[in-house]
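> If you scroll down you'll find the structure; I have some questions about it.
The values are calculated or read from the model by the stated rules, or taken from the named source; none is laboratory data. Only a predicted model underlies this, so the values are computations on that prediction, with no experimental measurement involved. No Cβ is skipped: glycine too gets one built from the backbone with ideal geometry, and neighbour counts run over all protein chains shown. Ligands, DNA and RNA are excluded from the accessible area calculation, which covers all protein heavy atoms including side chains. Shrake-Rupley method; radii C 1.70, N 1.55, O 1.52, S 1.80 Å.
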Amino acid sequence: MEERSGTVSAAVREHLRQLCLHEFPCGVGSWNKSRFLPQTCRPHRELIPREEEAGSPWEETVGDLLGLVCSPQSPWALLEGSSAEDSFLRQLAVRNPLMVKDDFLYSYFRSLRVVDKKVSLVDKDLLKFPKLKELVLSANQIKEIDAVNLPPTLEVLELYGNVLTSMECLCAHPPPGLQHLGLGHNKLQGPLQSLYVTSEHWPNLVSLDLGFNDLTDLQGMVASLSTLQRLRLLLLQGNPLALVPYYRGFTIDSLAHLCVLDDITVSPNEKHQFRGLHHSADFLACEAQLVVTIGNIRGVLDSSVLDPEPGPQGPFITYSYYVTYDFMEDEDGKVNEDAEARAEILKPPASAEQLDEDMPAEVGSPTAPTAAALPKEAEEVAESLLATVSQFPSAELEGSVGSGGSISLPRSVDSVEKLATLRPKVDPRLCPLPGTVLFSTVRKPWADVIPCSYEMQHTLRDLVALKAFLLAGTIVTIVEEKVLSWPVVAPPVDSPLPPKKGKGEKDKKGKGKAAREDQEMTKMGSKKKKELPKELRQDLPTLRVLGSCLVVLEPLLAGESLVTSLCNFGVIRTLESDRLTLSRDSKNKKAKKPLEPGKSKVPAPLAGENYKPEPLTVEVQIQLNQCRSAEEALRTIAA
């Protein structure tokens, strides 16, 4: 074979060299040379190599050599996972090494497995294998194949995990008897790929694997596959086209002879449920529907018990909690009307963009003003500032606008120091990934269990981008929002009334009446101090990230319709904070139950060494909508 780097023939030659077919204990050498003397030195009856005994005391018997080859404990044993063909060749090289020549090897191989050998070229030396039926070239670097170099006897061809971008190269001179074609985990894309999966090119194809590519044209692909009358096994999952709700039903109804789709047997019940769906191909929208549900938040630290009591001048502090996640924005950029009351779209914070100074920000608004482009100098400064953001271990944000507010910045920047003072510190976990936007649940006050009751349906048409997003996953974050409020008008200070001096002594009844009036005045004064002023001004909210984690969404590409995750961020509560919270809740109760004898005022979970605080968790569920019948698919079209 011609040895060329990166070719199939070079990889096969290297593999045979690693088998050591001509070295001890295989081949011919001092360990068995008397068995292979020239014919003139041996009787006629001993033309076949002797296997029973060694020719001399210094040589090994065939049995001993086979033991060295086959025993797992032998240093000459094959590596674990070696093929049966490799084991047979090693034993043959012990029994009759003179047979192990190139001509024999070419005619011997029925199957070639060249996996992860950095092969980039399928060369013409493959045609020297006249009986080759199976060729596996997975996990290599093949961009295209000259089909002329493929042996015409091939029945199985696997090219998984390469970098093929089109099937056109395979259709020039495809092996006529090919029954299985595996092209999964490549980079096939574009609607033209459906032109290369017809019976004109693959008349005998029984099994086809095109999974985990970038194919989007479901109707065109299925129309071409319907010409393959012998096709029984098909795999298309992992492609963007498999994300539409009617994918499975439409494919089953269009390919009547199909037995297995995406490794799931096609049942007669499925064929009946989706009967007639392929007639509605022109009305089926090419879009995916995903529903994100966020349940309860547990284990949140009650930060309000750690703050001092506010005075008459403030500040009055309020806390709220919400969950964010990044997701692809719908193509029209609008949130469903039913979900507007339950969700917000959080725009990128002002640290990543410059806002128009003519559009002031409003705290709590669902969307931020339109961003204007930063000057080149400001962009460079912004990049350097964003690079330093990750150096802040604290999750506290000063003047953060992650909740929808924003800060107006000037169009021109005089110096780096001035820009740095205007830009807030932004936690990177509150910045959406490129190509996504940040969605948020409604803010809720603190509770031992905070019910988010969030549900949002995302309808997406860019299926290729959606596939990339699902492979990356989504970041779920729990955020604490702290707002400081101040009275607009300072509350009046009550001055104590001077005591009235009488000329004579008052009787006991008069003294009692005066004492009661003083008590009432004191109570009214204290009540006024505790009441909040009617008009308050609020500072920009300060955000603190309580926890952030990645939710893996790749199972939605692999055929799963539902991903459920309980995001666990660890324990952030302490024994002291739980005791303060319990004490505050007990004081707020109107009716207190009498303490039973023998019981402690501190509940058992908060007492002693048995204290085990609940970790911070949130329930997240992402579902890919899939139609279960033709009627359901038609209802989806009508909706």
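> If you take the residues in region 474-494 that are crowded, with 18+ Cβ neighbours inside 10 Å and touching a helix residue (DSSP H, G or I) at 6+ places or on another chain (Cβ under 9 Å), which one is farthest from PRO310 (Cα to Cα)?
Once the filter is applied, the top-ranked residue is ILE475.
> A follow-up question, please. Please state which one of SER56, SER82 is of a type in the set (Ser, Thr, Tyr), at pLDDT 75 or above and open to solvent by 20 Å² or more (accessible area, probe 1.4 Å).
Details: SER56 fails: at pLDDT 75 or above.
Testing whether each residue is of a type in the set (Ser, Thr, Tyr), at pLDDT 75 or above and open to solvent by 20 Å² or more (accessible area, probe 1.4 Å) leaves just SER82.
> Taking PRO555 as the residue in question, decide whether it is modelled with pLDDT of 85 or more and closer than 17 Å to THR477 by Cα.
No: the conditions fail for PRO555.
> Please work out which one of (1) open to solvent by less than 60 Å² (accessible area, probe 1.4 Å); (2) assigned to a loop (DSSP other than H, G, I, E, B); (3) in contact with a Pro (Cβ under 9 Å, 6 or more places away or on another chain) is the condition TRP76 fails and give its number.
(1)
The rows are residues; the columns are (1) of a type in the set (Asp, Glu); (2) under 18 Å from ALA84 (Cα atoms); (3) touching a Phe, Trp or Tyr at 6+ places or on another chain (Cβ under 6 Å).
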| site | (1), (2), (3) |
| --- | --- |
| ASP102 | yes, no, no |
| TYR108 | no, yes, no |
| SER111 | no, yes, no |
| VAL115 | no, yes, no |
| LYS118 | no, no, no |
| LEU121 | no, no, no |
| LYS128 | no, no, yes |
| ALA139 | no, no, no |
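> Then there's this: Filter region 283-308 for residues that are part of a loop (DSSP other than H, G, I, E, B) and within 29 Å of the chain's Cα centre (by Cα) and give the result.
LEU284, ALA285, CYS286, GLU287, GLY299, VAL300, LEU301
> Next question, about the same structure. Checking PHE88 against (1) outside any loop (DSSP other than H, G, I, E, B); (2) modelled with pLDDT of 90 or more, which test does it fail?
Answer for PHE88: the failing condition is (2).
> So is CYS286 hydrophobic (A, V, I, L, M, F, W, C), open to solvent by 30 Å² or more (accessible area, probe 1.4 Å) and over 25 Å from SER207 (Cα atoms) or not?
yes
> Within region 101-113, work out how many residues are part of a loop (DSSP other than H, G, I, E, B) and either modelled with pLDDT under 85 or among the basic types (Lys, Arg) (or both).
Residues flagged as part of a loop (DSSP other than H, G, I, E, B) and either modelled with pLDDT under 85 or among the basic types (Lys, Arg) (or both) within region 101-113 amount to 2.
> Which one is farthest from ASP262 (Cα to Cα), of the residues in region 513-552 that are at pLDDT 90 or above and of a type in the set (Gly, Ala, Ser)?
The qualifying residue farthest from ASP262 (Cα to Cα) is GLY547.
> Regarding GLN229, is this residue in contact with an Asp or Glu (Cβ under 7 Å, 6 or more places away or on another chain) and part of a loop (DSSP other than H, G, I, E, B)? Steps first, please.
Values: in contact with an Asp or Glu (Cβ under 7 Å, 6 or more places away or on another chain): no; part of a loop (DSSP other than H, G, I, E, B): yes.
The answer is no for GLN229.
> Ok, one more. Restricting attention to region 591-639, which residues are over 45 Å from the mean Cα position of the chain (by Cα) and at pLDDT below 50?
Let us first name the residues in region 591-639 that are over 45 Å from the mean Cα position of the chain (by Cα), namely 591-601.
ALA591, LEU595, GLY598, LYS599, SER600, LYS601, listed by residue number.
> GLY184 - would you say it is within 29 Å of PRO555 (Cβ to Cβ) and in contact with a helix residue (DSSP H, G or I) (Cβ under 6 Å, 6 or more places away or on another chain)?
no
> Would you check which residues across region 232-261 are open to solvent by less than 30 Å² (accessible area, probe 1.4 Å), over 20 Å from PRO191 (Cβ atoms) and part of a loop (DSSP other than H, G, I, E, B) and list them?
Within region 232-261, PRO245, LEU258 qualify.
> Sticking with this one: Only one of SER82, SER74, SER87 is touching a helix residue (DSSP H, G or I) at 6+ places or on another chain (Cβ under 7 Å), without any contact (Cβ under 8 Å) to a residue 24 or more places away in the chain and not hydrophobic (A, V, I, L, M, F, W, C); which?
SER74
> Where the second residue is open to solvent by 60 Å² or more (accessible area, probe 1.4 Å) and the first is over 15 Å from VAL244 (Cβ atoms) and lies in region 459-471, which pairs have Cβ atoms under 9 Å and are six or more apart or on separate chains?
Hits for this filter: ALA468/GLY435; PHE469/LEU433; PHE469/GLY435; LEU471/GLU554.
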